[in-house]
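Working notes, structure below.
Bear in mind that the values in this text are calculations on the coordinates, not laboratory data. This one's a predicted model, so the numbers in the text were calculated from it and none came from an experiment. Positions of Cβ are backbone-derived with ideal geometry, glycine not excepted, and every protein chain shown enters the neighbour counts.
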Amino acid sequence: MSKNSVFALIDCNNFFVSCERLFRPDLDGKPVVVLSSNDGCVVARSNEAKRLGIPMGAPAFKWRYLFNEHDVQLFSANFEIYGDISKRITNLLTTVTPRIEVYSVDESFLDLTALGIRDYQAWGRTVRESIMKNVGVPVSIGIAPSKTLAKLASEIAKQHDEFDGVMSFFGIAPAMRDDLLHQMPVGEVWGIGWRLAPKLRAEGISTALALTHMRPQHAGQLMGVHGRQLVAELNGTACHPLTREHEAAKSIMRSRTFGEDTNKEYVLESAIATLTSQAAFKLRREGLLARRIGFFTETNRHKPGYRRWVRELRLGQPTADSGQIISLLVQELGQAFLPSQYYHRLGVFLYDLGNEDALQTDLLGKVSTSKHDRDAARMQALDHINTKIGKGKIYYAAERLAESWRPKHQIRSPRYVSSWSELPEAKII
Amino acid sequence: MPKDREHDGVSVHAGFPNPATDRSLLTLDFNQLLIQHTVSTYMFRIRGNDWEGEGVFDNDIAVVDRALDPRGNDVVIWWNEGGGEFAVSRLQAMPKEASCWGVLTATIHQFRSFQREQK
């Protein structure tokens with residue numbers, strides 16, 4: 001635990017919407033919603049869309065009348081753009097300090113402890129302006145002695161215009177600090193989920209301020225060690241240092257909900273094929289091989305007779321070959337498939353991953369490197385085609401399924417930053 | 001003769017090492033030539049024929065850097081409210097009410113493009 005730490009949270013405002021707006025400045029000030037490409041649920045909202053009362057996670061079809069009435073611009077998620085913009089922000093922040101924890105696609109913590117910054121508010125403004133100018137998306141910045149407080153500060157910065165996007169708990173009058181914490185509902189505090197919030201409210205603790213006044217023993221009784229730390233963090237004692245950069249993926253999973261529940265084996269097969277291709281592509285891009293592969297499938301959780309099946313295999317020789325994995329999993333499916341069931345969802349997972357160099361050390365064992373090299377060359381050619389011709393050029397029947405229940409006017413924006421044939425256009429005037 | 005597998009799959013016999021497998025060899029890098037700031041550089045596609053005299057053609061790729069402050073005779077990208085599209089012009093020709101999206105630092109013109117035909 002440390003009393004003298006300084007953390008900043010850099011949090012992108014309505015990140016997916018901001019990415020879409022970067023290439024569509026005409027959408028500034030208009031309601032914009034981004035839907036998950038898989039099941040058409042709301043995954044990002046502009047402030048205008050929030051004000052219309054559209055909730056996060058809402059299924060698009062339920063809100064279609066409101067979308068039409070208010071001319072809400074719908075996008076389906078374009079992760080190639082979001083990933084690219086996110087990486088730019090991370091790169092920029094790394095020039096500020098290498099002590100960075102990329103917490104999610106749109107949030108990063110920085111450890112500012114050793115930087116000797118005098119005026120945190122001014123520092124925050126500079127960083128915010130730099131991201132806006134260079135990358136082109138707005139962020140909110142919270143600065144505080146702990147990560148939990150920094151997160152809260154960025155939330156306050158977002159909610160109160162007078163902070164201009166940057167809120168620091170350093171150098172703030174105690175009365176104002178208390179006032180801000182008093183306005184923050186307890187459920188908004190990082191680490192207080194939908195399960196803890198009602199529990200706390202039942203104890204009469206309904207704001208972040210009330211939480212800071214909790215006795216550690218009481219917090220411990222109610223929420224365990226996690227709760228004690230949380231209260232300490234809110235009182236300015238850092239308990240959570242930056243988490244080390246996430247290591248290479250330990251497993252890769254791709255899953256999909258079917259357009260409608262299905263009892264057709266071929267639908268499941270093509271889903272396995274599609275999802276395996278995606279997962280194995282990622283595997284190869286990271287230079288990894290999978291030693292264990294598997295799939296799960298389940299019926300609709302919300303219908304009676306819910307069932308779930310999991311099948312997995314350990315491979316004699318690790319692989320990243322889509323074709324090989326697909327054929328093994330499809331064989332497994334043949335044994336597990338029940339025509340009497342209506343399947344709702346299927347997922348493919350690859351795990352027990354190692355890098356290709358690890359395979360080399362197995363050279364003397366039973367691993368056949370010549371086979372591996374042949375597979376690798378074939379997959380490299382396939383990836384080359386896929387990246388060159390563009391994704392989705394070769395697709396399986398299962399990918400088409402989703403089309404039937406996508407809102408008609410929902411569009412994926414062009415791949416402005418990842419495809420030479422979809423660059424934004426600029427007209428000579 | 002036994003193959004040595006340690007050189008990127010290239011078979012190498014004893015003797016002078018194949019320089020093609022030396023990863024430290026420097027090569028000309030177009031990113032280095034064209035992109036000063038990776039964080040703030042975006043690519044655009046040029047539309048319009050009015051600048052052919054200046055060597056800028058329809059379908060050229062424009063390298064646009066947001067980090068630069070536009071000045072003097074710079075070529076800039078800005079959002080044209082009226083037309084509902086991005087515009088390219090000299091800074092002086094940009095309307096007062098428009099704001100600069102980025103500064104154009106280079107265009108790339110391919111005489112024989114091996115990229116797929118543009119739509």
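Here are a few things to note about the model shown:
- Candidates per chymotrypsin sites (Phe, Trp or Tyr not before Pro) in the stretch A:112-212, loop by DSSP, up to 12 other Cβ within 10 Å: A:Trp194
- Between A:Asn68 and A:Asp261, the modelled labels are 2.9 nm apart [label points 7 Å from Cα along Cα→Cβ].
- Rounded if a/c under 1.5, otherwise prolate or oblate - the stretch A:128-245, Cα gyration tensor axes: prolate
- Partner shielding of B:40-48 amounts to 6, given as the average count of beta-carbon atoms from other chains within 10 Å of each residue beta-carbon.
- Sorted by Cβ density within 10 Å, fewest first, the residues A:Tyr82, A:Tyr103, A:Tyr266: A:Tyr266, A:Tyr103, A:Tyr82
- Placing +1 on the Cβ of every Lys and Arg and -1 on the Cβ of every Asp and Glu, with nothing else charged, gives the stretch A:112-166 a dipole about its Cα centre of roughly 220 debye.
- Rounded to the nearest whole Hz, the Karplus-based 3J(HN,Hα) values (6.51 cos²θ - 1.76 cosθ + 1.60, θ = phi - 60°) of the stretch A:61-66 follow the sequence 5, 6, 10, 4, 5, 5, with x at glycine and proline.
- Tensor-based shape of the stretch A:1-81 (alpha-carbon gyration tensor, a/c under 1.5 rounded, otherwise prolate or oblate): prolate
- For the stretch A:154-162, putting each phi into the Karplus relation 6.51 cos²θ - 1.76 cosθ + 1.60 with θ = phi - 60° gives couplings of 5, 5, 4, 4, 6, 7, 10, 4, 5 Hz, in residue order, rounded to whole numbers and with x for Gly and Pro.
- Cβ-placed point charges (K, R +1; D, E -1), dipole of the stretch A:28-75 about Cα centre in debye, nearest 20: 120
- With contacts taken as Cα pairs under 8 Å and at least 6 residues apart, the stretch A:297-345 reaches a relative contact order of 56 percent.
- Cα-Cα separations in the stretch A:107-187 greater than 17 Å, expressed as whole percent: 43
- A:Glu69, A:Glu155 arranged by Cβ crowding within 10 Å, fewest neighbours leading: A:Glu69, A:Glu155
- Residue mean of other protein chain beta carbons inside 10 Å, B:71-80: 2
- Remark: relative contact order (the stretch A:58-161) = 14 percent; criterion is Cα-Cα distance under 8 angstrom and separation of 6 or more residues.
- By other beta-carbon atoms within 10 Å, ranking A:Thr274, A:Thr148 with the fewest at the front produces A:Thr274, A:Thr148.
- Shown in residue order for the stretch A:295-308 are the 3J(HN,Hα) couplings computed by the Karplus curve 6.51 cos²θ - 1.76 cosθ + 1.60 at θ = phi - 60°: 9, 10, 8, 8, 8, 5, 4, 8, 10, x, x, 4, 9, 9 Hz (x for Gly and Pro).
- Overall form of the stretch A:9-52: rounded. Here a/c, set by the Cα gyration tensor axes a ≥ b ≥ c, is under 1.5.
- Extending 7 Å from the Cα toward the beta-carbon at both A:Thr94 and B:Leu91 defines two label points whose distance is 3.1 nm.
- Under the criterion of Cα pairs below 8 Å and six or more residues apart, the relative contact order for the stretch A:154-205 equals 20 percent.
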